[in-house]
Amino acid sequence: MADTDTQHANAPEGDAALARPYARAVFELANGKGRLRAWSDRLALMAAVVSNDTMKTLLSNPRLSANEAAALVIRTCGDDISDDTVNLLNMLAENGRLGQLPMIAALFNRFRDDAEGTVEAEVISAMPLSEAQKTAIAKALKQRLGRDVQLNCSVNEDLVGGAVIRAGDLVIDGSAVEHLRQLSSALVH
């Protein structure tokens, strides 16, 4: 049984399935208290802490008890941790789910976006986008998705040209690299 749990925990679908109940519970708590932004920030911090390579090594030590693991993460997060956050970390540690924090944070943000009627879109382009281009992309995505769009833009020169856009489950790959791949595939077949 442990091998099966490990296999599922390593799969993205398994991560989401394991993290979803925690993300939903945290979302309900945060939403009920009107603290969605604060919890988003807290979860991002905790996810970053447990994603750190050194922390991963420490947390994977079989001699570390659940209480010690939670305490380690709590100390690393600093003094600005609420009782609710401590309770969450203790529960995750007890259930062996501290490693699920990045997925919990991602799912929480999706729930938050849904509740607020927004969506975050990642735009990776070969060159920096102008403000006019950003506005046009946000407008087109809003029309397609029916939500307000918050763009997170980055540059990856390896794309050669064009851009890749990810918004929720939507992926639009308009990069020159993707066009060349498609052309190559068409020529081979």
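The values are calculated or read from the model by the stated rules, or taken from the named source; none is laboratory data. Just so you know, these numbers come straight off a predicted model, no measurement behind them. Neighbour counts are summed over all protein chains in view; Cβ atoms, including those assigned to glycine, are modelled from backbone coordinates with ideal geometry.
Scanning the stretch 57-85 for residues that are among the charged types (D, E, K, R) and closer than 17 Å to Ala105 by Cα yields one hit, Asp84.
Each residue in the stretch 142-176 was checked for being within 13 Å of Asp113 (Cβ to Cβ), in contact with a strand residue (DSSP E or B) (Cβ under 6 Å, 6 or more places away or on another chain) and in a loop (DSSP other than H, G, I, E, B), and 2 pass. Taking the conditions (1) under 17 Å from the mean Cα position of the chain (by Cα); (2) at pLDDT below 95; (3) outside the structural domain of Asp158 (by TED's automatic domain parsing) in turn, Gly96 satisfies each one other than (1). Checked against the criterion of being over 27 Å from Pro21 (Cβ atoms), loosely packed, with under 13 Cβ neighbours inside 10 Å and not assigned by TED's automatic domain parsing to the domain that holds Asp53, the candidates Ser125, Ser130 yield just one match: Ser130.
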